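Student: First the structure, which I've put down as structure tokens, then a few questions once you've had a look.
The values are calculated or read from the model by the stated rules, or taken from the named source; none is laboratory data. Worth saying up front: this structure is predicted, and the values here are computed from it rather than measured. Glycine also receives a Cβ, built like all others from the backbone with ideal geometry; neighbour counts cover every protein chain displayed.
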Amino acid sequence: MVLKATRNEFFALMGEGARAHQARRRSEYELTLQGIEGETDVAAQERLVLQAIERRAQALVIVPADSNALLPVLLKALKAGLLLLNLDNKLDDRALATAGVNIPFVGPSNFLGSRTVGEYVAKQLPRGAAVGIIEGPPGSINAKSRSDGFRAAITAAGLRLAAVRSGFWTRELGHGAALELMRLAPDTKALLCGNDNMALGAVQALRELGRSADVLVSGYDNIPSIRPLIAQGTVLATVDQFPEKQAEYALDAVLNALQTGMRQADLPSIIQSPVKLVTRP
Amino acid sequence: MSRPPRLAARAALAALAAALGLMSGPVAARQELRILAEVDPPFVTVRDGVPGGPYIESLRALLAREGLSLQVSLMPRRRISVTLPVSPGSCGLALNFSPGEAETFSYVGRVAPVKLAVYALRQAPRVGNIEELRPYRIGAVDMAELRDFLTAADIAFEPISPAAQRLGMLQRKRFDYLVSDDRPEMFEVEGADQVRRVFVLAQVDRWLACHPGLPPRLLATLRQALQEGLFAESLRPIWDRAGLGRYFDRVRLEWELIPKAAGAAASRRSP
């Protein structure tokens, strides 16, 4: 299993879920769990895929750092005979269709999750209020999907989209994106963040600007670091995507396919995992 | 909205079981595929309650060769988004790509290209690129790829839905510029002579997207049938009958999905 952003608590939990699964079913398979430190280090992730090919792994579960850029090396893995599953951040269907391959996606509907958190935030705002979106990297389908869910909630509630800035999933760049967004649109009343790390950066930015009291913040992922801020009300809401469950679903699907001799082309194209809105108790 | 983990796991296992059960044997003769589509003249039309138009007729012709028949249900685009993920055995025709929807249904094959272009009334100020649209009131057809282009350029816009109202809204000066898909009959409505195309913003594709539980063998058949979208040379009579022969030729010439003869490629490079 190849993860990304191993310093991000979300993926640390995903890794724990994978290890726990392997511990329960250790007689059935061996697990090599690897990951890159950064969120978008495509080259490092490519090297890990090549290592898996050289190791003659039977199957590979990957959380791609980019929904398009990883595809060439993944096609090499398919050619080498690895069974391939895509976890959490969906590979771009447009590129998959061009390549003519089926790489199943195991993960949640980010659109539904973000629309739910967006609707929750919208209930606290008057019609016409300006809302900013801090999204993940432009090359990630789940970043775009979350922004689309936020937009759907903004439109349905009669709010106004102030601007969208990328925080590239990190606290530091989320902080910078929030500062820029508040400079561009000082009347912004809420920042909908595509993950919790960027929400933590946004909270810090609003503190520095003295705007914590009048600008709402929401996150996404329910990582341990965000939970105290949810409990205090500093962050209004987040979404739990159960990263441990995602890992379990993917590994169950891989084992089932290997044990029944299912071919890559015969795997179901989407295996959906749950999402849940998390607010102050 | 969210399913408890146990239920979701059951659904995942059911999808696996369905895939296993349905993948045996070739695509059965006269198997029926349910197609969800939005009325979108001149491509998808309805006459005396019967769905038609070159998109539907072309798909019907392509899939008939594979032993598949179509049962077409017409509904608004937004209803397709909600219906398709919970309708096994169904596909949506001519859907635009949306990252959010890609997590709930599968984009199987390209069916047609779409040019996204900027339109204005003839007297509107000249603009040469997307950045220059920023100070103006913009109306844009409601497509995820277009939303992404415009927000990336910090351009505020009013989404237009249903899209049929687009030109009328521009003519009534509801906004200064319209961003829309380029359509063969765009300029054939009353008053359209006041409207001009300012520039083309991008080219994207329309897709056949299917319920994720569709049997893999059937998906492979659909992908194979759609290698040239709905613009295979064999479909020319359908487009001609619809009065869209020139549009068909233009798509075949310009769309990268259509294989080009070496001579044709050379002539396209020549001025």
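Student: Of the residues that sit in segment B:245-262 and are in a loop (DSSP other than H, G, I, E, B) and not aliphatic (A, V, I, L, M), which one is surrounded by the most Cβ atoms within 10 Å (Cβ to Cβ)?
Tutor: B:TRP255
Student: Which pairs turn up if I take residues in segment A:111-126 that are within 15 Å of A:GLY219 (Cβ to Cβ) and in the same structural domain as A:ILE141 (by TED's automatic domain parsing) and look for partners that are of a type in the set (D, E, K, R) and at pLDDT 95 or above with beta carbon separation below 6 Å, at least 6 apart in sequence or on another chain?
Tutor: Pairs that qualify, where the first residue is within 15 Å of A:GLY219 (Cβ to Cβ) and in the same structural domain as A:ILE141 (by TED's automatic domain parsing) and the partner is of a type in the set (D, E, K, R) and at pLDDT 95 or above, are A:SER114/A:ARG146.
Student: Right, something else. Please enumerate the residues belonging to segment A:11-41 that are polar (S, T, N, Q) and not in a helix (DSSP H, G or I).
Tutor: A:SER27, A:THR32, A:GLN34, A:THR40
Student: Right, another one. Could you tell me whether segment A:164-175 includes any residue that is crowded, with 24+ Cβ neighbours inside 10 Å, among the β-branched types (Val, Ile, Thr) and at the interface with chain B (Cβ under 8 Å from one of its Cβ atoms)?
Tutor: Scanning segment A:164-175, I find no residue that is crowded, with 24+ Cβ neighbours inside 10 Å, among the β-branched types (Val, Ile, Thr) and at the interface with chain B (Cβ under 8 Å from one of its Cβ atoms), so the answer is no.
Student: Same structure again: Kindly list the number of the only condition in (1) part of a loop (DSSP other than H, G, I, E, B); (2) surrounded by fewer than 20 Cβ atoms within 10 Å (Cβ to Cβ); (3) within 19 Å of the chain's Cα centre (by Cα); (4) among the aliphatic types (A, V, I, L, M) that fails for A:ALA44.
Tutor: Unmet condition: (1).
Student: Turning to a different aspect of this structure: In segment A:144-163, how many residues are facing chain B (nearest Cβ under 9 Å) and not in a strand (DSSP E or B)?
Tutor: Qualifying residue count, segment A:144-163: 9.
Student: So which of A:ALA52, A:ALA59, A:ALA65, A:ALA77 is in the same structural domain as A:ASN102 (by TED's automatic domain parsing), hydrophobic (A, V, I, L, M, F, W, C) and over 20 Å from A:GLN264 (Cβ atoms)?
Tutor: None of the other options fit; the residue is A:ALA65.
Listed here are the residues, each with its yes/no results for (1) hydroxyl-bearing (Ser, Thr, Tyr); (2) modelled with pLDDT of 95 or more; (3) farther than 21 Å from A:ARG94 by Cα.
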| site | (1), (2), (3) |
| --- | --- |
| A:VAL2 | no, yes, yes |
| A:ILE36 | no, yes, yes |
| A:GLU39 | no, no, yes |
| A:ILE53 | no, yes, yes |
| A:LEU75 | no, yes, no |
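Student: Okay, next question. For the list (1) at pLDDT below 95; (2) under 23 Å from A:LEU31 (Cβ atoms); (3) within 8 Å of chain B (Cβ to nearest Cβ), I need the number of the one condition that A:THR260 fails.
Tutor: Answer for A:THR260: the failing condition is (1).
Student: Test B:PHE157 against the criterion of being of a type outside the set (A, V, I, L, M), within 13 Å of chain A (Cβ to nearest Cβ), more than 19 Å from B:ALA94 (Cβ to Cβ) and in contact with a strand residue (DSSP E or B) (Cβ under 6 Å, 6 or more places away or on another chain), and give yes or no.
Tutor: Here the answer is yes, as B:PHE157 does meet what is asked.
Student: Which condition breaks for A:PRO126 when tested against (1) modelled with pLDDT of 95 or more; (2) within 13 Å of another protein chain (Cβ to nearest Cβ); (3) surrounded by fewer than 21 Cβ atoms within 10 Å (Cβ to Cβ); (4) not in a helix (DSSP H, G or I)?
Tutor: For A:PRO126, the exception is condition (2).
Student: Select from segment B:85-130 the residues that are closer than 29 Å to A:ALA156 by Cβ and more than 12 Å from every other protein chain (Cβ to nearest Cβ) and list them in ascending order.
Tutor: The answer is B:SER87, B:SER90, B:CYS91, B:GLY92, B:LEU93, B:ALA94, B:VAL114, B:LEU116, B:ALA117, B:VAL118, B:TYR119, B:ILE130.
Student: Going through A:GLU208, A:GLU248 one at a time, which residue ends up being at pLDDT 95 or above and within 14 Å of chain B (Cβ to nearest Cβ)?
Tutor: So the residue among A:GLU208, A:GLU248 that is at pLDDT 95 or above and within 14 Å of chain B (Cβ to nearest Cβ) is A:GLU248.
Student: A further question follows. Can you tell me how many residues within segment A:7-30 are without any contact (Cβ under 8 Å) to a residue 60 or more places away in the chain and of a type outside the set (Gly, Ala, Ser)?
Tutor: Within segment A:7-30, residues that are without any contact (Cβ under 8 Å) to a residue 60 or more places away in the chain and of a type outside the set (Gly, Ala, Ser) number 5.
Student: Could you tell me whether segment B:114-133 includes any residue that is acidic (Asp, Glu) and in contact (Cβ under 8 Å) with a residue 40 or more places away in the chain?
Tutor: no
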